[in-house]
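This report concerns only the one structure given below.
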Amino acid sequence: MDAKALKIVYMGTPEFAVAPLRALVENGFQVVTVVTMPDKPAGRGLKLQQSAVKKYALEAGLTILQPEKLRSDEFIAELHALQPDLGIVIAFRMLPQRVWSLPRLGTFNLHASLLPQYRGAAPINWALINGETSTGVTTFMLNAEIDKGAVIGRKEVTVAADETAGTLHDKLMHTGTELVLESVERIATGRLSPVEQSELETGALKEAPKIFKETCRIDWNCSVVAVYNLIRGLSPHPTAWSEITRDGKHLLNVKIYTAIREDVLPVHSPGSLVTDGTRYLKVACADGYIGIEELQLAGKKRMKTADFLRGFNAIGEYRFV
């Protein structure tokens with residue numbers, strides 16, 4: 001069957017899901033509807049905000065569905081009426097079986113790791129936090145188990161030593177877009193033999209669970225490599241953070257966006273703040289220093305270290321904890 005004759009239901013929400021959708025549309029594939037999250041209030045004015053996928057879908061003139069409940073009879077009836085051949089899910093919600101099994105050829109997902117490694121909500125972040133030198137993207141058929149369906153295809157991506165979650169996100173988005181198009185073509189031809197993930201296991205499996213605020217807190221007693229990887233693995237979002245104390249008392253919380261490693265034996269205890277008061281600010285770890293380049297104070301904008309130091313009162317004993 002001609003891949004461009006397939007009636008596709010596309011489901012996604014954030015920016016990561018926009019590039020594959022755009023590629024499908026621009027390459028002439030038949031996207032019969034886009035399913036995305038309902039608009040949500042955000043910001044100080046709590047104005048309703050549209051998802052990145054919805055914004056693009058509106059620009060492209062695509063039909064949009066925004067169900068509050070994916071199990072609702074009304075939503076299921078709308079999907080049935082479309083008689084879809086294929087479903088594609090990228091960075092969306094967990095789907096009930098009656099949704100992912102509805103398309104004639106099933107539904108596949110794009111995941112930002114080389115499955116079965118890094119199943120879970122935050123594969124990009126955890127690959128960097130764990131210091132991986134390579135990762136990738138995977139397309140797989142949805143089944144009743146989260147991130148465990150049979151694999152359609154995988155593409156590997158090299159991780160640079162100074163990669164951040166932001167730059168790796170963009171790399172994987174580009175590579176994932178290519179893989180989505182290839183996967184649709186393979187499904188359409190019928191020459192598809194998905195591989196069970198158990199056949200791809202090599203060594204211990206690493207997970208990618210949801211990241212919470214305490215996950216992002218820096219432990220300066222760790223190695224300089226571990227702290228550096230945490231910072232880049234959470235930048236620009238949700239961002240590593242630490243508390244600054246002065247003379248043993250809480251002063252403020254600081255988010256750290258970019259930093260450099262100094263692999264030299266420290267002469268200060270972990271958490272000690274070292275600065276010349278104008279140009280540099282570094283913090284001691286167990287076996288080196290982290291030089292902070294960009295940071296953000298609570299309620300303030302992201303800034304360079306030099307800008308922070310101009311308003312920093314250096315009187316007293318400061319520590320990061």
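The values are calculated or read from the model by the stated rules, or taken from the named source; none is laboratory data. Quick caveat, the model's predicted, so the values are computed rather than measured. Cβ placement follows ideal geometry from the backbone for every residue including glycine, while neighbour counts extend to all protein chains displayed. Accessible surface areas use protein heavy atoms only, side chains included; no ligands, DNA or RNA. Shrake-Rupley method; radii C 1.70, N 1.55, O 1.52, S 1.80 Å.
Some values worked out for this structure:
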{"item": "Checking PHE312 against (1) modelled with pLDDT under 90; (2) surrounded by fewer than 14 Cβ atoms within 10 Å (Cβ to Cβ), the condition it does not meet", "result": "(2)"}
{"item": "Residue list for the stretch 110-146, filter: without any contact (Cβ under 8 Å) to a residue 60 or more places away in the chain and either of a type in the set (Ser, Thr, Tyr) or open to solvent by less than 20 Å² (accessible area, probe 1.4 Å) (or both)", "result": "HIS111, THR133, SER134, THR135, GLY136, VAL137, THR138, THR139, PHE140"}
{"item": "Some residue of the stretch 139-154 being assigned to a helix (DSSP H, G or I), modelled with pLDDT of 95 or more and in contact with a Leu (Cβ under 7 Å, 6 or more places away or on another chain)", "result": "no"}
{"item": "Spans of helices (runs of 4 or more DSSP H) in the stretch 2-108 with at least 3 residues hydrophobic (A, V, I, L, M, F, W, C)", "result": "18-26, 52-60, 73-82"}
{"item": "Count - residues of the stretch 262-321 that are of a type in the set (Phe, Trp, Tyr) and under 20 Å from LEU234 (Cα atoms)", "result": "2"}
{"item": "Filter result (in a loop (DSSP other than H, G, I, E, B), at pLDDT 95 or above and farther than 22 Å from PRO123 by Cα) within the stretch 181-221", "result": "TRP220, ASN221"}
{"item": "Condition broken by PRO41, with the remaining ones in (1) closer than 27 Å to ASP147 by Cα; (2) in contact with a strand residue (DSSP E or B) (Cβ under 9 Å, 6 or more places away or on another chain) satisfied", "result": "(1)"}
